[in-house]
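Structure first, commentary second.
Every number in this text was worked out from the coordinates using simple rules, so none of it is lab data. Remember, it's a predicted structure, so these values are computed and weren't measured experimentally. Neighbour counts are summed over all protein chains in view; Cβ atoms, including those assigned to glycine, are modelled from backbone coordinates with ideal geometry.
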């Protein structure tokens, strides 16, 4: 029984480490913060304003402002902008989204 608990602990630990590592990638940050409204670069709340082709992606500063302050129905995500590496990873991931 002790071996089963140890194995379960190891499996859960590995999962948590992998999840944390994924969260630091652009894809992970997107899935954690954006995916629920922006499924695959679309926009569930306003289909006329998808991430794909968004004017905010044409300039990294516009993208930063949109995340920092939010717009319309989109809430602000200033915590992402504060971490420069994570912010750049998210920006680069969003640029790669395709229809």
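Any idea how far apart residue 40 and residue 25 come out in nm if each label point goes 7 Å out from Cα toward Cβ?
Label at residue 40, label at residue 25, 1.9 nm between them.
How many nm separate the modelled label positions at residue 32 and residue 99, each set 7 Å beyond the Cα in the direction of the Cβ?
Result: 3.2 nm between the two label points.
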